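Just below is one structure, and these are the notes that go with it.
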Amino acid sequence: MKTIAVLCLLFCGSAFGADGLVVHFTVKKSIGNATSTYTNGILMGLTEASTQTLPGYEMRFDSRALNDGEVKLVITLKDLSSGKPIYAGSAGTVLKVGASQTLSFHELPDAQARYEVFVDTSYGKLPEPSH
């Protein structure tokens, strides 16, 4: 049994390659005194764009690798909780991989809800492309 587990680890370990960017995030939505949060994470390339449809939200992550382990990260958020896509805002930052930051969103002036996103970054191995 141990041999099978070790072979599986070796096989699975060889299926991973270059460093990617892990972004764990928490979306905080505030309407008046009511607040809700949603937490999740993604693995993406250090320089890549990725759109994720999540329960209640659609998020676009744009990442660009810079020098010295830094990335420029831009997040655009749509709120899907009403059944239709509502622009919630966007925010960008430059941070060192391994750092965390809370981003206040640039939003439309008459927006009823206010959003902010806490992001925590780290490196993670990307899967090898299948041939």
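The values are calculated or read from the model by the stated rules, or taken from the named source; none is laboratory data. Note that the structure is predicted; figures quoted are calculated from it, not measured. All Cβ positions, even for glycine, are placed from backbone atoms using ideal geometry, and neighbour counts span all protein chains on display. These area figures cover heavy atoms from the full protein model, side chains too; ligands, DNA and RNA do not enter into them. Shrake-Rupley method; radii C 1.70, N 1.55, O 1.52, S 1.80 Å.
Quote the FRET efficiency, to the nearest 0.05, computed for Thr102 versus Ser130 with a Förster distance R0 of 30 Å and r equal to the Cβ-Cβ distance. Don't skip to the end; give the middle numbers.
Numbers: r = 37 Å, r/R0 = 1.24.
That pair, Thr102 with Ser130, gives E of 0.20.
Applying the Karplus parametrisation 6.51 cos²θ - 1.76 cosθ + 1.60 with θ = phi - 60° to the phi angles of the stretch 57-70, what ³J(HN,Hα) value in whole Hz is obtained for each residue in order, glycine and proline being reported as x?
Listing the rounded values in order: 9, 10, 10, 10, 10, 10, 10, 9, 5, 10, 7, 6, x, 9 Hz.
When the chain is fully extended, how far beyond the present Cα-Cα distance does Asp19 get from Tyr38, taking 0.36 nm per residue of separation? Provide the component values of the computation, followed by the final result.
On the way: separation 19, 0.36 × 19 = 6.84 nm, distance 2.62 nm.
Result: 4.2 nm gained on full extension.
Tally up the carbon and sulfur contribution to the accessible surface of the chain as a whole percent, 1.4 Å probe, everything protein left in place. Show your work: numbers first, answer last.
On the way: 4620 of 8110 Å².
Carbon and sulfur together cover 57 percent of it.
Compute, for Tyr38, the solvent-accessible surface of its heavy atoms (probe 1.4 Å) with the complete set of protein chains present, and express it in square angstrom to the nearest 10.
Here the accessible area works out near 40 Å².
Measure nothing but the geometry: give the 0 to 90° angle between the long axis through the Cα atoms of 2-13 and the longest principal axis through the Cα atoms of the chain, rounded to 10°.
Approximately 60 degrees, to the nearest 10.
Might you work out the accessible area of Ser63 for me, using a 1.4 Å probe with all protein chains in place, and round it to the nearest 10 Å²?
Its accessible surface works out to 10 Å², give or take rounding.
Connecting C-alpha atoms closer than 10 Å in a GNM of the chain, tell me which of Pro109, Pro85, Pro55 has the biggest fluctuation.
Among Pro109, Pro85, Pro55, the largest mean-square fluctuation in the Gaussian network model of the chain belongs to Pro109.
Under 19 Å from a point 7 Å along the Cα-to-Cβ line of Arg114: which residues of the stretch 43-83 have their amide N that close?
77-79
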